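Below is one structure; the comments refer to it alone.
The values are calculated or read from the model by the stated rules, or taken from the named source; none is laboratory data. Computed from a prediction, not measured in an experiment: that's the story for all the values here. Note that we place each Cβ from the backbone using ideal geometry, even for glycine, and neighbour counts take in every protein chain shown. Remember, those area values only see protein heavy atoms, side chains included, never the ligands or the DNA or RNA. Shrake-Rupley method; radii C 1.70, N 1.55, O 1.52, S 1.80 Å.
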2 protein chains.
Amino acid sequence: MALRDHFPWTQSPLIINAPMGGHAGPDLAVAVTRAGGLGQIGAVFDMAELANHLSKVESALPRHNDLLPVGVGLLPFIVKMDEALPAIEKYRPAVVWLFAAKELEDYAKCAERIRKVTPGSQIWVQVGSVAAALTIAEQCKPDAMCVQGIDAGGHGFEKGAGIVSLLPEVSDALAAAGHGSIALLASGGITEGRGAAAAFALGAQGVVMGTRFLSAPETQLHPVYRKAILAAKDGGQNTIRAKLFDELRGPNIWPLPYDGRSIVTESFTEHAGGAGIEEIRRLHAEAGKAKDGGYGLDGKGRTAMWAGTGVGLVKREQPAAEIVEEVRRQVIEVLERTRSRL
Amino acid sequence: MALRDHFPWTQSPLIINAPMGGHAGPDLAVAVTRAGGLGQIGAVFDMAELANHLSKVESALPRHNDLLPVGVGLLPFIVKMDEALPAIEKYRPAVVWLFAAKELEDYAKCAERIRKVTPGSQIWVQVGSVAAALTIAEQCKPDAMCVQGIDAGGHGFEKGAGIVSLLPEVSDALAAAGHGSIALLASGGITEGRGAAAAFALGAQGVVMGTRFLSAPETQLHPVYRKAILAAKDGGQNTIRAKLFDELRGPNIWPLPYDGRSIVTESFTEHAGGAGIEEIRRLHAEAGKAKDGGYGLDGKGRTAMWAGTGVGLVKREQPAAEIVEEVRRQVIEVLERTRSRL
């Protein structure tokens, strides 16, 4: 059974929005799902807000196989499962996406509790290495894993590889270990048809985009942050992975293997130039009170602006549905054009 | 005119070996070209050796359009052009591949001198950012650029992106600036058919592989280094980019933007753990005198073992011709299979 068969409202190729905490809410998820993709909502700390978001989805979209046709992203190292489970049980999202656990075995513990309250929902786990994929496959047996490459924006793995090598190696290693039935998705650096076509050629059954959806008005985003996304060029040069972005509001709470990719900001540049963290934090807190939220363009701004290396390919504001339909069409066009020119 | 039309002996899709200095010699170049790819030789300091290598190619392969059907890789920041040009003029390789200049404008200076002595040869430049691609296109007008992603093994750009986002952004930026006629190749993390198919989907007219060809007996490589390549897994975790690898034999001579990706060695681990560079160098020099050349498996060894993140997909020794033919076949299979399953 192909992954997409579990999501009867979706169209091929499968396009998914990353469950970006604080940014991917019900408006984005509903728009992506309505366009034949899999929409996702990102939850961080606030489970009352998650319930509220899912209630909005429920009023907007019909259920499929008794499940709400969206995914919910949870961060196992943050989430209190006792608080999250009531909303998950009540709304039964089609997917629960897990990313960032303190220990790899925590994914299995989370998954067990989720399966108990909503056995029909799929469990997806995002991974960044072959070793983690093997361990998680063994312990947690997720329905799918999202293989996140080093190009991804926002939180990811400090140490990793691009999807060009990571996805095929994970795929082969899982198959060799008897876990070939776990579907693979790809994320990290994919913002349009060529990257998405590449991901499918690498073996993905769906592609997950975050940065591209920051251009959608349905995504909750400060307007200056959105402007910075549309203005940024040369993504490998003007974004950077660093733990600093998790230090700006106080001590980093993320587990050791994680960091985040942001557009290069003054906070980063000044810290790299030797400014102490206390001073960086003070300036960050002050800047955050301004009307621009501390966001800025052209290397300015102090607030983190999560973005992947594909940000230079994101050039205009565009409704989420249009993004989903455009990328879906481009994937087929790219594959056919590539085959025929070779 | 498609890039491949300049190389009438090649078959589509175009497969190229990276001109790995000290490793890619005439045996590899001849085998790759004979198999319908573009074989390349890497030169570093020794131009008498380059002439000797090209003379061997000349005895093995017929000329095409009066050019030797191989490429020659030169490092502009190292090479003395007065020493290199006589060999280039005498043998007229089909391609001169330039990588790593002190200043971007040096590419144009090199190219001018090369074009004077062999106007029929193509000039290719390897780049790692959109900004560099635009400047080099403007100043040097190369026939092709190889877009090198961050996954590449050996020397590359300390700061960059994977090909999934870098190649499309370079492609769009060049087209917008009126340089759309410059062909693009892809390197970095490509070791087999899926990665190569992805690169073509991203817009490449040819793929360049280094790490994969380390498995070929035609590549000059210490047997322990080759064993380490075949044994390495989880390429994003067990290789690392670092300037340290250029510090092992003395002060780093590479220009600032460059570093190199190697399998993780004891030199790296101990230096990261706090050991001073003088002690690391002493142990490195000592280890290099042993029969194993200071190479080792499973995190052992002190000599750099350049490898890309795709190393985990390279599992057995294989003749270069077989690699070229296999990847060429796989690219078509992958594209057709991907299109038909979507």
Would you pick out the residues in the stretch A:157-190 that are on the phi < 0 side of the Ramachandran plot and under 12 Å from the mean Cα position of the chain (by Cα)? A:L185, A:A186, A:S187, A:I190
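For (1) open to solvent by less than 50 Å² (accessible area, probe 1.4 Å); (2) in contact with a Leu (Cβ under 6 Å, 6 or more places away or on another chain); (3) assigned by TED's automatic domain parsing to the domain that holds B:E103, each residue gets a yes or a no:
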| residue | (1), (2), (3) |
| --- | --- |
| B:F213 | yes, no, yes |
| B:Q237 | no, no, no |
| B:P251 | no, no, no |
| B:P257 | no, no, no |
| B:H271 | no, yes, no |
| B:E286 | no, no, no |
Tally up the residues in the stretch B:150-165 that are free of Cβ contacts under 8 Å to residues at least 40 places away in the same chain and closer than 16 Å to B:I136 by Cα, please. 0
Only unsatisfied item for A:G156, checking (1) more than 10 Å from every other protein chain (Cβ to nearest Cβ); (2) over 18 Å from B:T239 (Cβ atoms), is (2)
Under 6 Å between Cβ atoms, which residue pairs at least 6 apart in sequence (or on different chains) link something in the stretch B:8-22 that is closer than 14 Å to B:A144 by Cβ with a partner that is aromatic (F, W, Y)? B:P19/B:W97
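Pick from the stretch B:1-30 the residues that are part of a helix (DSSP H, G or I) and within 14 Å of chain A (Cβ to nearest Cβ): which of them is nearest to B:A183 (Cα to Cα)? Don't jump to the end; show me each part of the working.
Our first condition is that a residue be part of a helix (DSSP H, G or I); within the stretch B:1-30, this holds for B:3-6, B:26-30.
From what is left, the residues that are within 14 Å of chain A (Cβ to nearest Cβ) are B:3-5.
On the way: B:L3: 6, B:R4: 10, B:D5: 12 Å.
Here the answer is B:L3.
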Listed residues B:E317, B:E325, B:E333; which is in a helix (DSSP H, G or I), surrounded by fewer than 24 Cβ atoms within 10 Å (Cβ to Cβ), more than 14 Å from chain A (Cβ to nearest Cβ) and not aliphatic (A, V, I, L, M)? B:E325
Inspect the stretch B:162-173 for any residue being of a type outside the set (K, R), within 8 Å of chain A (Cβ to nearest Cβ) and in a loop (DSSP other than H, G, I, E, B) and give the result as yes or no. yes
Mind listing whichever residues of the stretch B:31-49 are buried (at least 23 other Cβ atoms within 10 Å of the Cβ) and part of a helix (DSSP H, G or I)? B:A31, B:V32, B:T33
Within the stretch A:128-153, track down each residue that is more than 16 Å from the chain's Cα centre (by Cα), more than 11 Å from chain B (Cβ to nearest Cβ) and of a type outside the set (K, R). A:T135, A:I136, A:A137, A:E138, A:Q139, A:C140, A:P142, A:D143
Do you know which residues across the stretch B:292-314 are closer than 21 Å to B:I163 by Cα, assigned to a loop (DSSP other than H, G, I, E, B) and more than 14 Å from chain A (Cβ to nearest Cβ)? none
Would a scan of the stretch A:253-267 turn up a residue that is in contact with an Asp or Glu (Cβ under 6 Å, 6 or more places away or on another chain), free of Cβ contacts under 8 Å to residues at least 12 places away in the same chain and closer than 20 Å to A:G154 by Cα? no
For residues in the stretch B:201-218 being over 17 Å from the mean Cα position of the chain (by Cα) and within 14 Å of chain A (Cβ to nearest Cβ), which is nearest to A:G156 (Cα to Cα)? B:L202
Looking only at the stretch B:270-289, decide whether some residue is within 18 Å of the chain's Cα centre (by Cα) and either within 21 Å of B:I163 (Cα to Cα) or assigned to a helix (DSSP H, G or I) (or both). no
In the set B:I123, B:I190, B:I88, which member is within 14 Å of chain A (Cβ to nearest Cβ), among the aliphatic types (A, V, I, L, M) and under 27 Å from B:A216 (Cβ atoms)? B:I190
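Quick check on this structure: which one of B:A304, B:A290 is without any contact (Cβ under 8 Å) to a residue 60 or more places away in the chain and buried (at least 18 other Cβ atoms within 10 Å of the Cβ)? Working first, answer last.
On the way: B:A290 fails: buried (at least 18 other Cβ atoms within 10 Å of the Cβ).
Of B:A304, B:A290, the one residue that is without any contact (Cβ under 8 Å) to a residue 60 or more places away in the chain and buried (at least 18 other Cβ atoms within 10 Å of the Cβ) is B:A304.
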Give the residues of the stretch B:180-207 that are without any contact (Cβ under 8 Å) to a residue 40 or more places away in the chain, open to solvent by less than 10 Å² (accessible area, probe 1.4 Å) and either in a helix (DSSP H, G or I) or more than 17 Å from A:V331 (Cβ to Cβ) (or both), sorted by residue number. B:A198, B:A199
Can you spot a residue in the stretch B:33-53 that is in contact with a Leu (Cβ under 9 Å, 6 or more places away or on another chain), among the hydroxyl-bearing types (S, T, Y) and within 18 Å of B:Q220 (Cβ to Cβ)? yes
Can you find, within the stretch B:208-244, the residue that is farthest from B:Q40 (Cα to Cα) among those that are free of Cβ contacts under 8 Å to residues at least 60 places away in the same chain and not polar (S, T, N, Q)? B:L244
Sole exception among (1) in the same structural domain as B:V95 (by TED's automatic domain parsing); (2) buried (at least 21 other Cβ atoms within 10 Å of the Cβ); (3) touching a residue at least 60 places away in the same chain (Cβ under 8 Å) for B:V147, by number: (3)
Residue check for B:L221: more than 9 Å from every other protein chain (Cβ to nearest Cβ), open to solvent by 10 Å² or more (accessible area, probe 1.4 Å), assigned to a loop (DSSP other than H, G, I, E, B) and not hydroxyl-bearing (S, T, Y): yes
